[in-house]
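S.K.: First the structure, which I've put down as structure tokens, then a few questions once you've had a look.
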Amino acid sequence: MTEITGKPPIDHAFTGDRRGGAADPTYAGALSFMRRRYGKDVAGCDLAIWGVPFDLAVTNRPGARFGPQAIRRASAIFDGDPQYPSGLDPFARLQAVDYGDCALPRGDLRGSAKAIEIEAAGILATGAHLVTLGGDHFVTLPLLRAHVARHGKLALIQFDAHQDTWDDGPGGIGHGSFVLEAVREGLIDVERSIQIGIRTVAPRDCGIAVLDAYAAHELGVAGTARRIRERVREGAAYLTFDIDALDPAFAPGTGTPVSGGFTTIEVLRILRALGDLDIRGMDVVEVCPPYDHADVTAIAAATIVQHHIQALALRKAG
Ligand code: MN
Ligand code: MN
């Protein structure tokens with residue numbers, strides 16, 4: 001019988017440490033977000049990344065339930081080497097775990113919201129920063145409930161083509177109405193909140209500032225970042241990134257695409273300029289792989305999260 005010895009050179013997703021890089025080839029090995037080790041033990045971690053494969057609340061194309069898998073696959077190239085643009089290995093400073101996916105009760109919208117909130121609250125109770133891979137935009141409502149329970153009212157920084165302030169009626173539930181419900185529940189500090197890249201017309205703004213796509217284009221990257229900073233100021237915030245904020249040319253794989261959005265480099269530069277804001281949690285939602293081409297959308301989503309994680313590492317360094 002041949003004895004198998006030595007440390008496996010790949011499959012960091014189940015052999016690696018919470019810190020450090022991975023040696024997995026980009027095209028091989030067990031997949032996790034940025035090759036972080038899978039695990040449900042978050043104690044002592046700075047960061048947990050998990051998926052919420054939920055798309056029951058869409059109004060148009062379904063398929064965002066496949067988002068977490070696709071974003072993880074696209075993130076494999078970010079395996080812990082020094083990363084652009086910081087030049088840092090973020091996992092030299094941050095202990096991180098891929099928490100896997102949320103267990104959802106099939107076909108039960110209200111039960112799904114509760115499951116997301118409870119599991120998120122459990123992760124946040126460890127003190128870890130939580131990054132969530134959606135899922136349609138409805139998942140942000142239970143995520144906000146969990147984050148606000150821990151941190152108090154938060155400013156919302158929402159990149160999106162849509163305001164998501166529609167009213168689905170009493171007891172209604174939808175990916176286009178989660179902001180209205182969050183405001184009704186008092187989760188959002190509307191005076192410090194802003195929606196960026198909007199290019200549809202909604203019936204109400206709920207008191208949240210709107211920087212629409214044309215206005216953002218006129219302001220440019222630096223002006224857009226300045227406008228966001230002026231609105232959010234010093235306090236705690238939650239960042240939600242609906243991938244349809246990007247133009248369909250840069251994010252075709254999404255449920256409700258609208259022409260006239262940001263390019264990928266524009267949003268990466270804006271996020272970099274916001275890196276020192278007090279962001280307590282973030283998600284990227286509405287990645288819909290059945291409509292994607294060449295993983296364009298999944299790569300964009302993975303890179304947005306990678307930039308957020310670099311910002312966390314830089315903030316931890318002080
Ligand atoms: Mn949205
Ligand atoms: Mn949207």
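S.K.: Picking from I196, I265, which residue would you name as being assigned to a strand (DSSP E or B), closer than 20 Å to H308 by Cα and aliphatic (A, V, I, L, M)?
M.R.: Values: I265 fails: assigned to a strand (DSSP E or B).
I196 is the lone residue from the list that is assigned to a strand (DSSP E or B), closer than 20 Å to H308 by Cα and aliphatic (A, V, I, L, M).
S.K.: Among the residues that make up the stretch 144-157, is at least one of them open to solvent by 10 Å² or more (accessible area, probe 1.4 Å), of a type in the set (V, I, T) and either out of contact with any Lys or Arg (no Cβ under 7 Å at 6 or more places or on another chain) or closer than 16 Å to L239 by Cβ (or both)? Can you show your working first?
M.R.: At the first step, the residues of the stretch 144-157 found to be open to solvent by 10 Å² or more (accessible area, probe 1.4 Å) are 145, 148-153.
Remaining after also requiring of a type in the set (V, I, T): 148.
After this cut, where a residue has to be either out of contact with any Lys or Arg (no Cβ under 7 Å at 6 or more places or on another chain) or closer than 16 Å to L239 by Cβ (or both) as well, the list is 148.
Yes, the stretch 144-157 contains at least one residue that is open to solvent by 10 Å² or more (accessible area, probe 1.4 Å), of a type in the set (V, I, T) and either out of contact with any Lys or Arg (no Cβ under 7 Å at 6 or more places or on another chain) or closer than 16 Å to L239 by Cβ (or both).
S.K.: Can you confirm whether E234 is within 24 Å of A300 (Cα to Cα), among the acidic types (D, E) and more than 16 Å from ligand 2 (Cβ to nearest atom)?
M.R.: On the way: within 24 Å of A300 (Cα to Cα): no; among the acidic types (D, E): yes; more than 16 Å from ligand 2 (Cβ to nearest atom): yes.
In short, no.
S.K.: A further question on this structure: How many residues does the stretch 225-255 hold that are assigned to a strand (DSSP E or B) and away from ligand 1 (no atom under 16 Å from the Cβ)? Talk me through it step by step, then tell me what you get.
M.R.: We begin by selecting, within the stretch 225-255, every residue assigned to a strand (DSSP E or B); these are 237-242, 246, 254.
Then keep just the ones that are away from ligand 1 (no atom under 16 Å from the Cβ); that gives 237.
Qualifying residue count, the stretch 225-255: 1.
S.K.: Residues of the stretch 54-87 being closer than 18 Å to A313 by Cα, in contact with a helix residue (DSSP H, G or I) (Cβ under 7 Å, 6 or more places away or on another chain) and either crowded, with 18+ Cβ neighbours inside 10 Å or among the hydroxyl-bearing types (S, T, Y) (or both), which ones?
M.R.: Step one: list which residues in the stretch 54-87 are closer than 18 Å to A313 by Cα, which gives 75, 78-87.
Keeping just the survivors that are in contact with a helix residue (DSSP H, G or I) (Cβ under 7 Å, 6 or more places away or on another chain) gives 75, 78-80, 83, 85-86.
Within the stretch 54-87, S75, F78, D79, G80, Q83, S86 qualify.
S.K.: In addition: If the requirement is being open to solvent by less than 20 Å² (accessible area, probe 1.4 Å), away from ligand 2 (no atom under 16 Å from the Cβ), in contact with a helix residue (DSSP H, G or I) (Cβ under 7 Å, 6 or more places away or on another chain) and modelled with pLDDT of 95 or more, which of these qualifies: I270, I279?
M.R.: Details: I279 fails: in contact with a helix residue (DSSP H, G or I) (Cβ under 7 Å, 6 or more places away or on another chain).
Criteria check complete, one pass: I270.
S.K.: Separate question: Of the residues G111, G174, which single one is farther than 20 Å from L239 by Cβ and either within 16 Å of ligand 2 (Cβ to nearest atom) or buried (at least 24 other Cβ atoms within 10 Å of the Cβ) (or both)? Please lay out each step first, then the result.
M.R.: Numbers: G111 fails: either within 16 Å of ligand 2 (Cβ to nearest atom) or buried (at least 24 other Cβ atoms within 10 Å of the Cβ) (or both).
Among G111, G174, only G174 is farther than 20 Å from L239 by Cβ and either within 16 Å of ligand 2 (Cβ to nearest atom) or buried (at least 24 other Cβ atoms within 10 Å of the Cβ) (or both).
S.K.: Shifting gears a bit: Answer with yes or no whether G197 is at pLDDT 95 or above, of a type outside the set (A, V, I, L, M) and within 14 Å of ligand 1 (Cβ to nearest atom).
M.R.: Numbers: at pLDDT 95 or above: yes; of a type outside the set (A, V, I, L, M): yes; within 14 Å of ligand 1 (Cβ to nearest atom): yes.
For G197, the condition - at pLDDT 95 or above, of a type outside the set (A, V, I, L, M) and within 14 Å of ligand 1 (Cβ to nearest atom) - is met.
S.K.: Quick test for you: out of H308, H293, pick the one residue that is within 30 Å of A149 (Cα to Cα), of a type outside the set (S, T, Y) and out of contact with any Asp or Glu (no Cβ under 7 Å at 6 or more places or on another chain). Walk me through how you get there before you give the answer.
M.R.: On the way: H293 fails: within 30 Å of A149 (Cα to Cα).
Answer to the check: H308.
S.K.: Cβ contacts < 7 Å: first residue more than 21 Å from L312 (Cβ to Cβ) and open to solvent by less than 30 Å² (accessible area, probe 1.4 Å), restricted to the stretch 219-240; second residue of a type in the set (S, T, N, Q) and assigned to a helix (DSSP H, G or I), any location; separation 6+ or different chain. Result?
M.R.: Correct list of pairs: empty, since none qualify.
S.K.: Criterion first (open to solvent by 30 Å² or more (accessible area, probe 1.4 Å) and either within 15 Å of ligand 1 (Cβ to nearest atom) or in contact with a Gly (Cβ under 7 Å, 6 or more places away or on another chain) (or both)) does D212 satisfy it? I'd like the intermediate steps shown before the answer.
M.R.: Details: open to solvent by 30 Å² or more (accessible area, probe 1.4 Å): yes; either within 15 Å of ligand 1 (Cβ to nearest atom) or in contact with a Gly (Cβ under 7 Å, 6 or more places away or on another chain) (or both): yes.
So D212 passes the test.
S.K.: Which of (1) in a loop (DSSP other than H, G, I, E, B); (2) of a type outside the set (G, A, S); (3) farther than 24 Å from P248 by Cα is the odd one out, the single condition R150 does not satisfy?
M.R.: Only one criterion is unmet by R150, namely (1).
S.K.: Please find, within the stretch 284-299, the residue that is nearest to ligand 2 (Cβ to nearest atom) out of those that are touching a strand residue (DSSP E or B) at 6+ places or on another chain (Cβ under 9 Å) and β-branched (V, I, T). Spell out the reasoning first.
M.R.: Step one: of the stretch 284-299, the residues touching a strand residue (DSSP E or B) at 6+ places or on another chain (Cβ under 9 Å) are 284-288, 291-292, 297-298.
Restricting the remaining residues to those that are β-branched (V, I, T) gives 284-285, 287, 297.
Details: V284: 12, V285: 8, V287: 12, T297: 13 Å.
By that ranking, first place goes to V285.
S.K.: Only residues that are of a type outside the set (D, E, K, R) and either surrounded by fewer than 19 Cβ atoms within 10 Å (Cβ to Cβ) or within 16 Å of ligand 2 (Cβ to nearest atom) (or both): list them for the stretch 177-189, please. Don't jump to the end; show me each part of the working.
M.R.: Taking the stretch 177-189 first, the residues of a type outside the set (D, E, K, R) are 177-180, 182-183, 186-188.
Correct list: S177, F178, V179, L180, A182, G186.
S.K.: Regarding the stretch 152-170, can at least one residue be identified that is free of Cβ contacts under 8 Å to residues at least 24 places away in the same chain and on the phi > 0 side of the Ramachandran plot? Write out each step before concluding.
M.R.: First, pick out the residues of the stretch 152-170 that are free of Cβ contacts under 8 Å to residues at least 24 places away in the same chain: 168-170.
Checking which are on the phi > 0 side of the Ramachandran plot leaves us with 169.
Yes: the stretch 152-170 contains one or more residues that are free of Cβ contacts under 8 Å to residues at least 24 places away in the same chain and on the phi > 0 side of the Ramachandran plot.
The values are calculated or read from the model by the stated rules, or taken from the named source; none is laboratory data. Please read these numbers as outputs of a predicted model, since none were measured by experiment. Positions of Cβ are generated from backbone atoms using ideal geometry, with glycine treated the same way; all protein chains shown enter the neighbour counts. Only protein heavy atoms, including side chains, enter the accessible area calculation; ligands, DNA and RNA are left aside. Shrake-Rupley method; radii C 1.70, N 1.55, O 1.52, S 1.80 Å.
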